[in-house]
1. Kindly provide the set of residues from the range 154-168 that are in a loop (DSSP other than H, G, I, E, B) and either surrounded by fewer than 19 Cβ atoms within 10 Å (Cβ to Cβ) or on the phi > 0 side of the Ramachandran plot (or both), ordered by number.
2. Across the range 108-148, what is the total count of residues that are within 25 Å of THR87 (Cβ to Cβ), among the aliphatic types (A, V, I, L, M) and outside any helix (DSSP H, G or I)?
3. I need the full set of residues from the range 77-98 which are polar (S, T, N, Q), surrounded by 17 or more Cβ atoms within 10 Å (Cβ to Cβ) and without any contact (Cβ under 8 Å) to a residue 24 or more places away in the chain, in order please.
4. Sort out which residues of the range 94-107 are closer than 22 Å to ARG304 by Cβ, in contact with a strand residue (DSSP E or B) (Cβ under 7 Å, 6 or more places away or on another chain) and in a loop (DSSP other than H, G, I, E, B), and write them in order of number.
5. From the list ARG198, ARG182, ARG146, which residue is basic (Lys, Arg) and without any contact (Cβ under 8 Å) to a residue 60 or more places away in the chain?
6. Kindly check whether there is at least one residue in the range 72-84 that is polar (S, T, N, Q), part of a loop (DSSP other than H, G, I, E, B), over 26 Å from ARG225 (Cβ atoms) and over 17 Å from the mean Cα position of the chain (by Cα).
7. Quick check on ILE253: is it modelled with pLDDT of 95 or more and either out of contact with any Asp or Glu (no Cβ under 7 Å at 6 or more places or on another chain) or not in a helix (DSSP H, G or I) (or both)?
Amino acid sequence: MSSALVEEHPIQERTAAGSAVEGETPSPVERARRLVRRESPRRVKVNTALRIYHEVVGLEHLHYGLWNGEPLTLDGLKIAQDRFSRTLCSFIPSDEVRSILDVGCGIGTTALMLKEAGYEVEGLSPDPYHQSVFSRRVGTPFHLSRFQEFDPPRAYDLVLMSESAQYVWLDSLFPSVLQAARGGRLLVADYFTVNGCRGVLGKSGHPLSAFLETAEKAGLELECRKDITAEVAPTLDLARSWLERYVDPCLSIGSDYARRKVPRIAKAIRWMFRRRLERWNEMRRLVDSGEFRREKQYLILRFRVPS
């Protein structure tokens, strides 16, 4: 659940691992980074879509749901999302973990659950809106930062990454984990691409084989792995139903109205935004649960971090 609708606030740039040295040919990773960030300083961002999910739609969790026969409704989604968080928390070895860093903590619903369970939990996110809600709801330390630029004030027993690992370059992810939780655990819940996934579906989620290989090279030991692809896929079925029930009719009505009232302007707008309309049609594949099951795996992974 992410969006390009963001307001950006510059923060101090720090040197990226794997960045090119002046005068040298940039590596493929560095060239990709430049395309993504457009050579801009690293930033914290207000994600407008996630704020809408919380304040308008009324969602307390900003991630997929773990479904068990609930109806594909908003209430069903809330139940499934709560089950997702509780299931994820059940993978924490409670006899060995006390302090937790929740990376990509969102508005703090899972962190609050962990706090009420007796853990010392801190949140991390580059979103100032998350900071304001988290601080009010959870009342524990919050770090306004991206994980790859985070300077941990302490060592944590566990780093929790619920749908946040995909936003960190692999060559930065595991060094950051080692810095934050050496000798502890890493608990990841995220979707990964498989079967050489390409196109729009391949643009989000790390390749699973590369993720596991990079973790192993960093010295992390995989302790447990659970595939929940089938249980989270109905989230996409619900999103598709909302798209077809609300978004498509609104776009159609607006387009018909414009063609009747201002046909020349409507035609010009369609031409100007033709590429975006093409991308919008391609983006519909993102809510196709069948394609998701074929091209991705949603996993819960727990690693032991070396000392």
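The values are calculated or read from the model by the stated rules, or taken from the named source; none is laboratory data. Everything numeric in this text was worked out from a predicted model, so none of it was measured. So basically every Cβ, Gly included, is an ideal-geometry build from the backbone, and we count neighbours across all protein chains shown.
1. Selection gives ARG154, ALA155, GLU163.
2. 4
3. Of everything in the range 77-98, just one residue is polar (S, T, N, Q), surrounded by 17 or more Cβ atoms within 10 Å (Cβ to Cβ) and without any contact (Cβ under 8 Å) to a residue 24 or more places away in the chain, namely GLN81.
4. The answer is VAL97, ARG98, GLY104.
5. ARG198
6. Yes, that holds for at least one residue.
7. Answer is no for this residue.
So that you can scan it fast, the table gives a plain yes or no per residue for (1) in contact with an Asp or Glu (Cβ under 6 Å, 6 or more places away or on another chain); (2) among the aromatic types (Phe, Trp, Tyr); (3) more than 29 Å from PHE292 (Cα to Cα):
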| position | (1), (2), (3) |
| --- | --- |
| ILE107 | no, no, no |
| PHE134 | no, yes, yes |
| ARG185 | no, no, no |
| CYS197 | yes, no, no |
